[in-house]
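Chemist: One structure, as structure tokens, below. Some questions next.
No value in this document is a laboratory result; all are computed from the given coordinates. Here the structure is a predicted model, which means the values were calculated and not measured. Counting neighbours? That spans all protein chains shown, and the Cβs are built from the backbone with ideal geometry, glycine included.
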């Protein structure tokens, strides 16, 4: 979109927050870059320049606006809508792969050469993978500076910088303030390892099905609803964490407790993915409203998101456990598995007790209380995940993952599409055989046979996963209600 100058100018002049994260506006006279909705008086059109990423604006010599904080705007929805090389690379960068493994590690996970990855990312975003990771490190550093009392040297290394000097230079260059000045401006105090954040999103957002689904299917010990917040444990690259997510009208309040602060940016990315916060609800709802059967459902509660996951491998196991059983039975089976194979943790603030088991720990386990065929499917899936025969990582190709899952005994089309929808984040995943979808389709005057419903759903593409959320919302199931 940043190449459509006229459209960008209109968005800036109208301060349209829907475009935050889609592009960034740089001002030649002040050498500052902003989000489109920046509250200051818009600059003259001839002084505007547009960039596809914060990293590209920074690389061109612009520093972040202190009013609108463009570095903290919602991420571009493109990276969750697309499955090409650049989108997969951006999802991996957000998950901290470059900080852990460098650009060669990123290229290896994508199955391309380093040169090819750098060329394609630069061509689309105006900055290479290293520059994008640097911009992300700067935002992580700012979060730690403003929300913790950590010494600056600890902040530097927790944010992923190789040296304190690089940390100081980057913060001063991007924010036009020293780290100490940033902390002085913030005036916030938190305990070490506990961080309070505001996760932005594009309005509207309907929290009912989002939090309702997560809580209704919550696994005891791993997830809970407490004091108006959804809480769960996180398995992260350098340790574990606990997150509490609370919906508010204009943001998601996020409280993170991390064993290792180097996991901050990864934890934030996974929480945003869990709640589908980078979606573009206006684009989704406008497309679905074209179908007269869906229009009243969209108009009733616009802004529905797809409740996703923090770990696609975890969700795949849970999806198999939930095949052909009730929500309550699935929770019971999963809780037994967690108690038997999960890693215990301490939670002083609530009732969380375990991390979800790793595929390696489940590969040798013997699940109880379910048919032998289901036990064999779970063990087979865990072994395939542990051995790499099935790749459900952040940057995986969605079609390849579908084929790998479908090749395993006991995993049918419903399970594959459910994992694609909520585990992998494919916005066009569709479950025409789902009983709830078929019942809702009949009530809305749509076909109810899977083949006919699939044909009718062609008009909803590429947002069929969101159409499923609107169809599910017609029932009185607990997944559709924000807990009391």
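Chemist: Label-point separation (nm) for residue 376 and residue 45, each offset 7 Å from Cα along Cα-to-Cβ?
Modeler: Result for the modelled spin labels: 6.9 nm.
Chemist: Gain in length, residue 208 to residue 248, computed as 0.36 nm per residue apart minus the alpha-carbon separation, to one decimal in nm?
Modeler: Once the chain is fully extended between residue 208 and residue 248, it gains 13.2 nm.
Chemist: May I ask you to compute the full-extension gain from residue 400 to residue 340, defined as 0.36 nm times their residue separation minus their alpha-carbon distance, rounded to one decimal in nm?
Modeler: So the extension gain works out to 18.4 nm.
Chemist: Decide, for region 1-128, between rounded, prolate and oblate: order the square roots of the alpha carbon gyration tensor eigenvalues as a ≥ b ≥ c, take rounded if a/c falls under 1.5, and otherwise choose prolate if a/b is larger than b/c, else oblate.
Modeler: prolate
Chemist: Oh, and also: Distance from a point 7 Å along Cα→Cβ of residue 439 to each backbone N in region 451-481: keep the residues under 14 Å and list them by number.
Modeler: 471-480
Chemist: Counting just the Cα atoms, what span does region 50-100 cover along each of its three principal axes? Round to the nearest Å and put the largest first.
Modeler: Taking the Cα atoms of region 50-100, the three principal extents are 32, 25, 18 Å.
Chemist: Taking 7 Å along the Cα-to-C-beta vector as the label spot, tell me the residue 185-residue 366 distance in nanometres, rounded to one decimal.
Modeler: 6.2
Chemist: Taking every alpha carbon pair in region 177-312, what does the distance histogram look like in 10 angstrom bins from 0, in percent?
Modeler: Reading the bins upward from 0: 11, 36, 31, 16, 5, 1.
Chemist: Another question about this same structure. Which FRET efficiency value, to the nearest 0.05, do you get for residue 9 and residue 389 by plugging their Cβ-Cβ distance into 1/(1 + (r/R0)^6) with R0 = 41 Å?
Modeler: Working from the Cβ atoms, E equals 0.20.
Chemist: Taking the mean number of other Cβ atoms within 10 Å as a proxy for protection, how do you rank 72-80, 264-272, 248-256 from highest to lowest?
Modeler: 264-272, 72-80, 248-256
Chemist: So for the chain, what percent of the C-alpha to C-alpha distances run longer than 31 Å?
Modeler: The proportion of pairs with Cα distances above 31 Å equals 44 percent.
Chemist: Related question: Please compute the Kirkwood hydrodynamic radius over region 5-72, one decimal place, Å, based on all pairs of different Cα atoms.
Modeler: It is 11.4 Å.
Chemist: So, R0 is 41 Å and r is the distance between the beta-carbons of residue 123 and residue 454; what FRET efficiency does that work out to, to 0.05?
Modeler: Result of the calculation: an efficiency of 0.70.
Chemist: So what is the 222 nm mean residue ellipticity for the chain from helices alone, if each DSSP H run of at least 4 adds -39500 (n - 2.57) and you divide by all residues, rounding to the nearest 500 deg cm²/dmol?
Modeler: Mean residue ellipticity, 222 nm, calculated: -13500 deg cm²/dmol.
Chemist: Taking every pair of distinct Cα atoms and averaging 1/r, then inverting, what Kirkwood hydrodynamic radius in Å comes out for region 298-420?
Modeler: Computed over region 298-420, the radius equals 15.5 Å.
Chemist: Could you tell me what percent of the DSSP beta bridges with both partners in region 220-378 are antiparallel, to the nearest 5?
Modeler: 95
Chemist: Applying 1/(1 + (r/R0)^6) with R0 = 22 Å to the Cβ-Cβ distance of residue 348 and residue 154, what FRET efficiency is obtained, to the nearest 0.05?
Modeler: Efficiency at R0 = 22 Å is approximately 0.50.
Chemist: So, in nm, how far is label residue 31 from label residue 115 when the simple model puts each one 7 Å beyond its Cα toward the Cβ?
Modeler: 3.5
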